[in-house]
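Remarks on the structure that follows.
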């Protein structure tokens, strides 16, 4: 189908386990997927489903102590699992960069934003002070910050949340990464600003020929911007497929529950929003069965005792992990 | 920023005014009659009354204050009744010694505390951190006058290293090498207390800062750990350190007195203690005023530095 050089990212059986006082905590388990160049992939799931840990592990940015990572992450041919900090440092910024979730905490409060941008340029690309400043101002302009030359010397505290997130994006883009990990890039922002930031990411992705991993809990965000979606629950992939298929032909009850719990414009006013009963499981006390079973209305004994593996659906590249999948909506015609 | 500085300066003037009243009034609180001190115990009551009037002590106290403050502002702190020398010239001779000890001790303390706190904070509860934390805690519980005595006993007497023991002080202009040798033990003694304070404050703030998201962000840029520590973690972690340093250095001016006295180093501390013993009230008053104003100015300076380091403070 696609030859190896078109694959930017190959994740195979990735697991991230934190050692905690309560025992080993499997934040991510058995995750495998591939990503092509110039693709945008969405990772969705509730809080605590392992999205953020997964995106950081792919980058090799997990904490340096009390964590065990197994499996494999091939990023543009570079194995990230087990790589030394020095090796990964050589890839960060240039091969892969991250847009962090909360622009209120991800910028250094006592460093002028311009300095935070041109630091990468000077350290990683070896630019001169003057060149780096000029490039940093260009980057500020690129991410839509008005009067960038003036803002260059502002402190983060002098900017609004939306402006700060633009700065975070500018920092991530500074060394032209091939892969951009956007970890809930709009969660901390107003709804109107959210759309602006997401459109900006889309536009930059096209202009700079990047691939983007868009991590979010908001399905509305990924619907129109991604080609494929990974649905995560309790640290595992429970459904993966083309965006269209996940939205319209999902088989995993959790995916449906997630979709139903998003508000829709087409709903009549005062429609009660569907919620998913219960809470995500405690990762320290996972059962042998499907992690979603306790909250699932279709669950049977088998669901509680035996974990379903990903199995192919009718559509190509679409899989789900469920013993009692929803009937295929392709119906008899498929 | 300008508004902040103006406000602070106005506050500073107010504080110094209050200090001046305090140190002026100090003389009046002292027991005994100043005329007896000056004329000796055998003076006749008539002579005493005459002197009392001559010194202006019969005037209302606020008038006395204004006469005094006018003199102080024009650089005149009076002439000692005991030594017949001007208080200002005595202080001017002694103060550089205090300054030198202070600068030496602070350079030593910061030079040791900052890199060690950084290494400790990188691996909290690691072997180095445990050793340093336990060691600094032990040092914290030993007061400076014990440290100085032990050091004199060991280095100056047992090892017989020349020029570092008591009464070996030589001025800097006379022989700077001997001068540095003679001040080395007091500087090290005061540095130890400062080191413990700075190390502990900076270490705990660094550990907290290193948990921050912007440190992970800095790491994701692919910059070195060293650069993350110095450029990203150090500055936001140094606010408490600077606050502690401001208070500590002020305290050192006073804390160094005992050490100076034990080694007969003729700084302000030694001079003050001798002045108290000789009931040289004007000299006591002058030194108290100078030290108090010095402490306030040091604190003001550190507040100002904190502002430069963390721009969020003056904005709030």
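The numbers here are math on the coordinates, done by the rules we state, and not lab data. Remember, it's a predicted structure, so these values are computed and weren't measured experimentally. Reconstructed Cβ throughout: ideal geometry from the backbone, glycine too, with neighbour counts over all protein chains shown.
Things to note:
- Remark: relative contact order (chain A) = 19 percent; criterion is Cα-Cα distance under 8 angstrom and separation of 6 or more residues.
- Sorted from greatest to least, the principal axis extents spanned by the alpha carbons of the range B:88-315 come out as 64, 46, 31 Å.
- Kirkwood Rh, Cα atoms: Rg over Rh of the range A:29-133: 0.99
- Here A:164, B:312 are placed in order of increasing Cβ neighbour count within 10 Å, fewest first, which gives B:312, A:164.
- The GNM of chain A, with springs linking C-alpha atoms under 10 angstrom apart, assigns the highest mean-square fluctuation among A:150, A:250, A:217 to A:150.
- Counting only other chain Cβ atoms within 10 Å of each residue's Cβ, the peptide A:109-120 averages 4.
- Helix-only [θ]222 nm of chain B, DSSP H runs n ≥ 4, -39500 (n - 2.57) each, per residue, nearest 500: -24500 deg cm²/dmol
- Sorted fewest first by neighbouring Cβ atoms within 10 angstrom, A:239, A:206 come out as A:206, A:239.
- Cut-off 16 Å, label 7 Å out along Cα→Cβ of residue A:202, residues of the range A:149-186 by amide N: A:185-186
- Ranked by the mean number of other Cβ atoms within 10 Å of their residues, highest first, the peptides B:40-52, B:240-252, A:17-29 come out as B:240-252, A:17-29, B:40-52.
- Applying D = kT/(6 pi eta Rh) to the protein assembly as shown, where Rh is the Kirkwood radius over alpha-carbon pairs, T corresponds to 4 °C and eta to 1.567 mPa s, the Stokes-Einstein value obtained is 43 µm²/s.
- Averaged over the residues of B:209-215, the number of partner chain Cβ atoms lying within 10 Å of the residue Cβ comes to 4.
- Binned Cα-Cα distances of the range B:78-213, short to long, each 10 Å bin given as a whole percent: 11, 30, 28, 19, 8, 3, 0
- Extension gain (nm, one decimal) between residue A:19 and residue A:326, 0.36 nm per residue minus Cα-Cα: 106.9 nm
- With the convex hull drawn around the C-alpha atoms of the range B:258-316, the volume per residue stands at 98 Å³.
- Helix axis angle, B:45-54 relative to chain B longest principal axis, alpha carbon, degrees: 60
- Rounded to 10°, Cα long-axis angle of helix B:281-309 versus longest principal axis of chain B: 20
- Averaged over the residues of A:157-164, the number of partner chain Cβ atoms lying within 10 Å of the residue Cβ comes to 1.
- Relative contact order computed over the range B:222-310 (Cα-Cα under 8 Å; 6+ residues apart), in percent: 42
- Computed E for residue A:274/residue A:158 - FRET, C-beta separation, R0 30 angstrom, nearest 0.05: 0.10
- For chain A, the 222 nm mean residue ellipticity estimated from helices alone, with every DSSP H stretch of n ≥ 4 adding -39500 (n - 2.57) and the total spread over all residues, rounds to -8500 deg cm²/dmol.
- q = 0.21, 0.24 Å⁻¹, the range B:194-267: log10 I(q)/I(0) [Debye, one scatterer per Cα]: -0.87, -1.01
- Descending Cα extents along the principal axes, the range A:101-246, whole Å: 49, 29, 26
- Note on the range A:164-244: Cα Rg divided by 2.2 N^0.38 Å, N the number of residues, gives 1.11.
- Taking N as its residue count, the alpha carbon Rg of the range B:2-73 over 2.2 N^0.38 Å: 1.55
- Helix axis angle, A:129-142 relative to chain A longest principal axis, alpha carbon, degrees: 50
- One equal scatterer on each Cα of the range B:1-139, no solvent, Debye formula: the resulting log10 I(q)/I(0) at q = 0.10, 0.14, 0.15 Å⁻¹ is -0.66, -0.90, -0.96.
- When A:117, A:197 are arranged by Cβ crowding within 10 Å, least crowded first, meaning fewest neighbours, the order is A:197, A:117.
- On the principal axes of its alpha carbon atoms, chain A extends 66, 50, 45 Å, with the longest extent given first.
- For the range A:189-236: rounded, prolate or oblate by the Cα gyration tensor [a/c cutoff 1.5]: oblate
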